[in-house]
1. Considering only residues that are part of a helix (DSSP H, G or I) and without any contact (Cβ under 8 Å) to a residue 40 or more places away in the chain, which ones fall in the stretch 59-75?
2. Filter the stretch 13-32 down to the residues that are over 29 Å from residue 82 (Cβ atoms), open to solvent by less than 80 Å² (accessible area, probe 1.4 Å) and part of a helix (DSSP H, G or I) and list them by number.
3. Give the residue that is least open to solvent (accessible area, probe 1.4 Å), with candidates limited to residues of the stretch 111-147 that are part of a loop (DSSP other than H, G, I, E, B) and closer than 21 Å to residue 78 by Cα.
4. Can you confirm whether residue 79 is under 23 Å from residue 133 (Cα atoms) and at pLDDT 95 or above?
5. For the stretch 116-134, how many residues meet the condition of being of a type in the set (Gly, Ala, Ser) and either within 17 Å of residue 150 (Cβ to Cβ) or touching a helix residue (DSSP H, G or I) at 6+ places or on another chain (Cβ under 7 Å) (or both)?
6. Residue 78: charged (D, E, K, R), within 26 Å of residue 136 (Cβ to Cβ) and in a helix (DSSP H, G or I), yes or no?
7. If you take the residues in the stretch 1-12 that are assigned to a helix (DSSP H, G or I) and open to solvent by less than 80 Å² (accessible area, probe 1.4 Å), which one is modelled with the highest pLDDT?
8. Take the residues in the stretch 92-110 that are without any contact (Cβ under 8 Å) to a residue 24 or more places away in the chain and buried (at least 16 other Cβ atoms within 10 Å of the Cβ), then tell me which one is farthest from the chain's Cα centre (by Cα).
Amino acid sequence: ELHGSGVVSDQEVQSRYRGAFIQTAKLPSEYAGLKEELQTRFVGWAHRTGGLEAMRVAYGTVSRQAYPTLGFYKRCLELESDPKHLVVLHEYACRVRESDMEPWLAYLRHLVTQQRKLEDAASVFWRASRALATDDDRAVFDSRYQALLY
């Protein structure tokens, strides 16, 4: 609803985004870029207008209603600062495309370099190794993970 000043309320913006999520969820896969753009803009808007807490509510909304994309989770990871929330976001990002090594490597980089949690990293490495599609992928992944460690 427009206020007298011609400004759209935050509730109206959220409502419009939610409506757009419902509409774009029905679109075929060739519209994935549009879906991702919508999701990342929503979380960016929430962060700009309401800070981290609003952003967390927004990514919860997208996670429940909009089949989040990897790009969406990458954007959330750029904006988030809390270590516990970062771990959750990395977990979600890895689930979007389990056979893609890049989200797994980003997660491992976070665990090894930022949180210094090598035991957690070993567990994530094991899960990622099982998720990767081919022996060649696993070999490249192993090499890149070893480079993180040394």
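The values are calculated or read from the model by the stated rules, or taken from the named source; none is laboratory data. Keep in mind the model is a prediction, meaning the values are calculated, not measured. Ideal geometry is used to build each Cβ from the backbone, glycine not excepted, and the neighbour counts take in all protein chains shown. With ligands, DNA and RNA removed, areas are computed over all heavy atoms of the protein, side chains included. Shrake-Rupley method; radii C 1.70, N 1.55, O 1.52, S 1.80 Å.
1. Correct list: 59, 60, 63, 64, 70, 71, 72, 73, 74, 75.
2. Once the filter is applied, which keeps residues that are over 29 Å from residue 82 (Cβ atoms), open to solvent by less than 80 Å² (accessible area, probe 1.4 Å) and part of a helix (DSSP H, G or I), the stretch 13-32 yields only 19.
3. 115
4. no
5. So the count comes out to 4.
6. Considered against the rule, which asks whether it is charged (D, E, K, R), within 26 Å of residue 136 (Cβ to Cβ) and in a helix (DSSP H, G or I), residue 78 comes out as no.
7. 12
8. 107
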